[in-house]
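Enquirer: Here it is: the structure, laid out below.
The values are calculated or read from the model by the stated rules, or taken from the named source; none is laboratory data. Being a predicted model, the structure only gives us computed values, none of them experimental. Heads up, the Cβs are rebuilt from the backbone with ideal geometry, glycines too, and the neighbour counts pull from every protein chain shown.
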Amino acid sequence: MIRDNEILEAFLDSVRRFVRDRLVPAEAVVAETDEIPPDIAQDMRDMGLFGMTIPQRFGGLELTMEEEVRVVMELCQTSPAFRSLLGTTVGIGSQGILMDGTPEQQAAWLPRLATGEILASFALTEPEAGSDAGSLRTTALRDGDEYVVNGTKRFITNAPQAGMFTLMARTDTSIKGSAGVSAFIVDAKSPGISFGKRDVKMGQKGAHTCDVIFENVRVPVGNLIGLKEGQGFKTAMKVLDKGRLHIAAVSVGVAKRVLRDALQYAMERKQFGQAICEFQLIQAMLADSQAELYAAECMVLDAARRRDDGLNVSTEASCCKMFATEMVGRVTDRAVQILGGSGYMTEFGIERFYRDVRLFRLYEGTTQIQQVIIARNMVRDAQNN
Ligand code: COS
């Protein structure tokens, strides 16, 4: 749903210029230093990007899903690490509060998230609970007016910079599965929270992940999301449904950039006396990439519109996440092939994208988890009809 096309187009144009003038020139330095320059982070705050999905009454832009994916497709035509800095705040870190939090919880946390004053982070994964998220072991046991949290969370994006965590922990240890899990808002400055060393990753330099260790961390009962125990897994799944659509849009954005670079190279590079884009085998790689990219873009826009219409898009979100993240993997692989030896060299930048996009098929649910969700939903829907 587009609320006002003129306003959206103006915003998209400012994001496009920001990517071209500020982010693309900083890609190499981010890759070298493993840091997003503070002035770029400030520009993102000033543009309101941290509050993209937060309601206007809390100071955000309140984009619809369709508007959000359009913005993300522009913003991600550069190194995905830039998006990662705000991704956990606009997505998985804040949406649980928005979807299931009480009005008091929303008023207490969303305004500071919307301005980017504090970053949100999503703490679900554990050393022994990855794809099987419902088996998590971190506990939050009630003690008077507080819960006492113990456990370790793994690969937590933006944890080193986070101001708060949306934490999934087991409040009922007599239940081994997902029904015993609750969701909490945890102030990152709470005593008893410590951080593991920064993970050394294959790509996405500038985006930071690490372990978060909770040792007897006391969380007020008022920070239990929705003030209801046993709802945390469902909150996490709803958040991920939306997050998966967002990651699919990220994949479309990065694929647009990579394919544009590959096409540019193919038009400039001459071999056998002509530009290599004249050769049919290069054309096949360009054309396959364009067709798949177009398909992914259409899927993401369609699913976003359905979500804006109030439909349950769990199946569509997983279809988009699976197809778009696999698509960008193939597009980037072909781009390396089109650039040939140059595609393998750091100075041309394509090898960096090749490593960066590999993550998309893993986080927020692997391709295999998306397949499980899609097929299970198909069977359930067929049984109900
Ligand atoms: N929206 C709302 N509720 C949902 C839901 C969704 N999308 N998906 C599942 N639920 C509910 C189910 O309806 C069920 O509720 P009831 O017990 O009341 O019927 C409950 O949650 C448990 O669901 P299910 O039995 O399907 O859970 P499983 O343990 O089988 O796990 C998968 C399901 C594998 C899909 C889930 O664990 C998953 O998504 N894993 C990947 C986790 C992930 O993405 N990690 C990345 C970390 S974040 S970067």
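Enquirer: Count, please, the residues in the stretch 363-385 that happen to be within 17 Å of Asp241 (Cα to Cα), more than 9 Å from the ligand (Cβ to nearest atom) and of a type in the set (A, V, I, L, M).
Expert: 3
Enquirer: Restricting the first residue to the stretch 173-197 and requiring it to be under 22 Å from Leu227 (Cβ atoms), which pairs with a second residue that is at pLDDT 95 or above and among the acidic types (Asp, Glu) meet a Cβ separation below 6 Å and a spacing of at least six or different chains?
Expert: Gly180/Asp172; Ser182/Glu229
Enquirer: Determine whether Gly144 is among the small types (Gly, Ala, Ser), more than 30 Å from Ala28 (Cβ to Cβ), within 16 Å of the ligand (Cβ to nearest atom) and not assigned by TED's automatic domain parsing to the domain that holds Lys242. Give the derivation first.
Expert: Details: among the small types (Gly, Ala, Ser): yes; more than 30 Å from Ala28 (Cβ to Cβ): yes; within 16 Å of the ligand (Cβ to nearest atom): no; not assigned by TED's automatic domain parsing to the domain that holds Lys242: yes.
So Gly144 fails the test.
Enquirer: While we're looking at this one, here's another question. Checking the structure you have, find out if any residue of the stretch 214-221 is touching a Leu at 6+ places or on another chain (Cβ under 6 Å), part of a strand (DSSP E or B) and surrounded by fewer than 23 Cβ atoms within 10 Å (Cβ to Cβ).
Expert: Kept after step one, since they are touching a Leu at 6+ places or on another chain (Cβ under 6 Å), are these residues of the stretch 214-221: none.
No, that holds for no residue.
Enquirer: Pairs please, first residue from the stretch 361-376 and assigned by TED's automatic domain parsing to the domain that holds Lys238, second anywhere and crowded, with 16+ Cβ neighbours inside 10 Å and not in a helix (DSSP H, G or I), Cβ atoms under 8 Å, 6+ apart in sequence or on different chains.
Expert: Cβ pairs passing all conditions: Tyr363/Phe155; Tyr363/Thr157; Glu364/Ile92; Ile373/Gly365.
Enquirer: Where in the stretch 1-56 are the helices (runs of 4 or more DSSP H), entirely inside, with at least 3 residues that are among the small types (Gly, Ala, Ser), under 21 Å from the mean Cα position of the chain (by Cα) and over 24 Å from Ile92 (Cβ atoms)?
Expert: none
Enquirer: Name the residues in the stretch 168-196 that are of a type in the set (A, V, I, L, M, F, W, C), under 27 Å from the mean Cα position of the chain (by Cα) and either in the same structural domain as Ser94 (by TED's automatic domain parsing) or surrounded by fewer than 17 Cβ atoms within 10 Å (Cβ to Cβ) (or both), would you? Write out each step before concluding.
Expert: So in the stretch 168-196, the residues of a type in the set (A, V, I, L, M, F, W, C) come out as 168-169, 175, 179, 181, 183-186, 188, 193, 195.
Next cut, under 27 Å from the mean Cα position of the chain (by Cα) only: 168-169, 179, 181, 183-186, 188, 193, 195.
Listed by number, the residues that qualify are Ala179, Phe195.
Enquirer: Criterion first (within 16 Å of the ligand (Cβ to nearest atom) and within 26 Å of the chain's Cα centre (by Cα)) does Gly253 satisfy it? Working first, answer last.
Expert: Numbers: within 16 Å of the ligand (Cβ to nearest atom): no; within 26 Å of the chain's Cα centre (by Cα): yes.
Taking the combined requirement at face value, the residue does not satisfy it.
Enquirer: Which one is surrounded by the most Cβ atoms within 10 Å (Cβ to Cβ), of the residues in the stretch 304-345 that are of a type in the set (Val, Ile, Thr) and part of a helix (DSSP H, G or I)? Spell out the reasoning first.
Expert: Of all residues in the stretch 304-345, those of a type in the set (Val, Ile, Thr) come to 313, 315, 325, 328, 331-332, 336, 338.
Right, trim to part of a helix (DSSP H, G or I) and you get 315, 325, 328, 331-332, 336, 338.
Values: Thr315: 19, Thr325: 30, Val328: 33, Val331: 28, Thr332: 28, Val336: 19, Ile338: 23.
Ranking the candidates gives Val328 first.
Enquirer: If you don't mind, there's one more thing I want to ask. Is it true that Val336 is in contact with a helix residue (DSSP H, G or I) (Cβ under 6 Å, 6 or more places away or on another chain), farther than 22 Å from Leu124 by Cα, free of Cβ contacts under 8 Å to residues at least 40 places away in the same chain and among the β-branched types (Val, Ile, Thr)? If you could, list the steps in order and put the result at the bottom.
Expert: On the way: in contact with a helix residue (DSSP H, G or I) (Cβ under 6 Å, 6 or more places away or on another chain): yes; farther than 22 Å from Leu124 by Cα: yes; free of Cβ contacts under 8 Å to residues at least 40 places away in the same chain: yes; among the β-branched types (Val, Ile, Thr): yes.
Considered against the rule, which asks whether it is in contact with a helix residue (DSSP H, G or I) (Cβ under 6 Å, 6 or more places away or on another chain), farther than 22 Å from Leu124 by Cα, free of Cβ contacts under 8 Å to residues at least 40 places away in the same chain and among the β-branched types (Val, Ile, Thr), Val336 comes out as yes.
Enquirer: For the stretch 68-96: of the residues being away from the ligand (no atom under 16 Å from the Cβ) and closer than 27 Å to Ile225 by Cα, which is surrounded by the fewest Cβ atoms within 10 Å (Cβ to Cβ)?
Expert: Residue satisfying both the conditions and the ranking: Glu68.
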